[in-house]
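These notes concern the structure reproduced below.
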Amino acid sequence: MKKTSYIFLTFVIRLRLSRFHKTRKGNQTDRWIESLIIEDLASLEAWKDMEQISSRELILNTLNNATRTHSENVKMFFNILQTRGRLRWLCFRLLPSVFPDSYDLTRFKLIARILKNWNLFVSKILSKLVVAESQVVDGEILDVYEFTHPSLKFTLEKETQYVLGKEISQAIKFNKKSTIINFRTVDNLLGRLILWNSAKSMNFVRESLILSTNREVLDYLDHFPSFIDEMERYSKLSIEFHEHANLSFDNRLELNLKIPDVLSNIEIWNQRFLVSDNKWHIVDSTCSPNSKFIAGHWQFLEQIPSHVGHVYLKKPTAKRTKKFTKAIFLMGRADENWYHLLLDTIPRYLFLKTLNRDIPILVRDDLPETSIALIEKLMDHKVIYVGPEDSIFVQTLYFIAARSTVYDSIPHNDDQRVSFSPNTLKSQREWMLKRLKENKIEQYPNELFLPRRAKYRNVINIGRVCKYLSKHGFRIVESDESFFLKQHMYFSRANLIVSPGGAILSNILFMPSGSKVIAVRSWRDSKLKLWEKLAEACQVDYSEIVGIPTYYGFRWLSRQHSNYFVPLSRFKKALNV
């Protein structure tokens, strides 16, 4: 085939593959592309002698001390920026004295601090990194989950090389010498499509019954070992929604459904997926892969349109295997977030706590220490902590199928995006406060302000706000470890709480009926009404102070998470002072 024909065909096919990647809807054009790829490989013999083309990966070797020019260091820095989440992780792991809060900083502030400490950053981080072909590196592949949820139990071994992660959401980065314009290296259609966008090409190949089983195509793909490795890291699973997955906790009580739900011979993948017989059992409708986005899932699978009945789910690393005759499933997709642990996962135990105490509870081991301390005080059953790399098999698994309180994105069906269960919340409040009752009597403020200090959605004039509220009798309580261990007590004893929106407001659950909470937020974050609905379900008076965002650019996510300014006059009006 002539080079000009390749250029035209790859342009047309790219448009189709981009569309297919998004919709997964096949058509006659796909059959034409499949036949074209197969005919192209059959007409060319040169590819059989083609050398393997490996992806180029970022490699960490803690013993390395490379000396580079300034321009080479800058180039390496940009190599890090192309790998999602690696920069924060490297700063956190290799230079904690300068970046103990790397995961709390905005990207701008993180880079600004790097530039301020550039020489130290070069000697402690950049000098330890190289870019090499992954197939020639004898090292341990770090999973993307470690970069997004760094484990305190993880330590870097001095004599080990680490490949800093692969993930389906990123196209494989191939050697620059093997680009689409180098016809001498790749002189066939499929190879050029892979070099153009490996993720979209991979999706098309594995969804095609013809390409995924054609011997000549598979032989050709052996020349792209990184491509094959990535495909093999995922299993194709059908989807089965539990019949109660869309019910709220109160719905289950009202319908007097049999409790608990039970599944037999179940594997638990990646701390959250229930798998058996090549099937993913979805027991919470807010985890539907048909949603546009699901926090806690993007690391393991891609979201799919509602007409697709299967997913490609990342296999567990399975460094440890644990088997149980019976177990209770108490793990959620985003339990590291206090909101989801408190309002989506712990309530399920209310329905399960009467089970025989000899049956252990399975809980994620990557929770904050304060959350683990809370769980151990609450549970009567033995707690088994499950790590991200654990492979779990349970003969009889007990759980509660029900929807969580909120969808992370607008649901594809007509379901309510936010739904709380007032009766369950009331029972949960009474049970938790009874279990967590303090032995000694402490004084807690009646009126308090909880300043939010995070990497986004901050009140930029927080200092003046704290000074103003302190002047009017509010206790300013910082969200440190001592607070988190007693946050339920602060909320249960308060008559009035003022706080910026965030997971900390999930503690509205503990506030007495008739008390008041004032949420501080940007006017952009107005559609979900999450805290207003939670307060209503808990019979707590609710009002808001709305601030002015500081970002007005084109990036939607940046607008949504923009810091904001709140005039003091709005506090004065809300407090009637």
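May I ask you to say which residue of TYR552, TYR542 is part of a loop (DSSP other than H, G, I, E, B) and over 25 Å from the mean Cα position of the chain (by Cα)?
Values: TYR542 fails: part of a loop (DSSP other than H, G, I, E, B).
Of TYR552, TYR542, the one residue that is part of a loop (DSSP other than H, G, I, E, B) and over 25 Å from the mean Cα position of the chain (by Cα) is TYR552.
Residue check: is LYS572 outside any loop (DSSP other than H, G, I, E, B), modelled with pLDDT of 90 or more, more than 24 Å from the chain's Cα centre (by Cα) and under 18 Å from ASN461 (Cβ atoms)?
Working: outside any loop (DSSP other than H, G, I, E, B): yes; modelled with pLDDT of 90 or more: yes; more than 24 Å from the chain's Cα centre (by Cα): yes; under 18 Å from ASN461 (Cβ atoms): yes.
Yes.
For region 432-458: of the residues being farther than 27 Å from ILE375 by Cβ and modelled with pLDDT under 85, which is surrounded by the fewest Cβ atoms within 10 Å (Cβ to Cβ)?
This residue is TYR456.
Given the structure, is GLU478 in a loop (DSSP other than H, G, I, E, B) and at negative phi? Let's see the steps before the verdict.
Working: in a loop (DSSP other than H, G, I, E, B): yes; at negative phi: yes.
Answer is yes for this residue.
Take SER276 and decide whether it is modelled with pLDDT under 95, buried (at least 16 other Cβ atoms within 10 Å of the Cβ) and over 26 Å from ASP414 (Cβ atoms). Explain how you work it out, then say what you get.
Numbers: modelled with pLDDT under 95: no; buried (at least 16 other Cβ atoms within 10 Å of the Cβ): yes; over 26 Å from ASP414 (Cβ atoms): yes.
It is false that SER276 is modelled with pLDDT under 95, buried (at least 16 other Cβ atoms within 10 Å of the Cβ) and over 26 Å from ASP414 (Cβ atoms).
Quick one: which helices (runs of 4 or more DSSP H) sit completely within region 82-161 and have at least 2 residues that are over 25 Å from the mean Cα position of the chain (by Cα)? First the steps, then the outcome.
Values: elements: 86-94, 107-116, 118-124, 144-148.
Of the helices (runs of 4 or more DSSP H) lying wholly inside region 82-161, those with at least 2 residues that are over 25 Å from the mean Cα position of the chain (by Cα) span 107-116, 118-124.
Which numbered condition trips up MET76, out of (1) outside the structural domain of GLY191 (by TED's automatic domain parsing); (2) over 21 Å from PRO150 (Cα atoms); (3) part of a loop (DSSP other than H, G, I, E, B)?
Against the list (1) outside the structural domain of GLY191 (by TED's automatic domain parsing); (2) over 21 Å from PRO150 (Cα atoms); (3) part of a loop (DSSP other than H, G, I, E, B), MET76 comes up short only on (3).
Does ARG56 satisfy the condition of being basic (Lys, Arg), on the phi < 0 side of the Ramachandran plot, modelled with pLDDT under 90 and in contact with a helix residue (DSSP H, G or I) (Cβ under 7 Å, 6 or more places away or on another chain)? Quick ask: steps written out before the conclusion?
On the way: basic (Lys, Arg): yes; on the phi < 0 side of the Ramachandran plot: yes; modelled with pLDDT under 90: yes; in contact with a helix residue (DSSP H, G or I) (Cβ under 7 Å, 6 or more places away or on another chain): no.
Against the criterion (basic (Lys, Arg), on the phi < 0 side of the Ramachandran plot, modelled with pLDDT under 90 and in contact with a helix residue (DSSP H, G or I) (Cβ under 7 Å, 6 or more places away or on another chain)), ARG56 does not qualify.
So which residues in region 464-486 are within 25 Å of TYR564 (Cβ to Cβ) and modelled with pLDDT under 90, if there are any at all?
Those that are within 25 Å of TYR564 (Cβ to Cβ) and modelled with pLDDT under 90: GLU478, SER479, ASP480, PHE483, PHE484.
For the condition among the acidic types (Asp, Glu), surrounded by fewer than 21 Cβ atoms within 10 Å (Cβ to Cβ) and touching a Pro at 6+ places or on another chain (Cβ under 9 Å), what is the one hit in GLU254, GLU216, GLU207, GLU267? I'd like the intermediate steps shown before the answer.
Values: GLU254 fails: touching a Pro at 6+ places or on another chain (Cβ under 9 Å); GLU216 fails: touching a Pro at 6+ places or on another chain (Cβ under 9 Å); GLU207 fails: touching a Pro at 6+ places or on another chain (Cβ under 9 Å).
Exactly one of GLU254, GLU216, GLU207, GLU267 is among the acidic types (Asp, Glu), surrounded by fewer than 21 Cβ atoms within 10 Å (Cβ to Cβ) and touching a Pro at 6+ places or on another chain (Cβ under 9 Å), namely GLU267.
Please enumerate the residues belonging to region 223-258 that are acidic (Asp, Glu) and in contact (Cβ under 8 Å) with a residue 12 or more places away in the chain. It would help to see each step written out before you state the result.
The first filter runs over region 223-258 and keeps only residues acidic (Asp, Glu), leaving 229-230, 232, 240, 243, 250, 254.
Those that are acidic (Asp, Glu) and in contact (Cβ under 8 Å) with a residue 12 or more places away in the chain: ASP229, GLU230, GLU240, GLU243, ASP250.
If you check ASP380, ASP335, which single one turns out to be among the acidic types (Asp, Glu) and within 27 Å of SER291 (Cβ to Cβ)? Before you say what the answer is, go through the steps one by one.
On the way: ASP380 fails: within 27 Å of SER291 (Cβ to Cβ).
ASP335 is the lone residue from the list that is among the acidic types (Asp, Glu) and within 27 Å of SER291 (Cβ to Cβ).
The values are calculated or read from the model by the stated rules, or taken from the named source; none is laboratory data. From a predicted model like this one, the values you see are computed outputs, not experimental measurements. Positions of Cβ are backbone-derived with ideal geometry, glycine not excepted, and every protein chain shown enters the neighbour counts.
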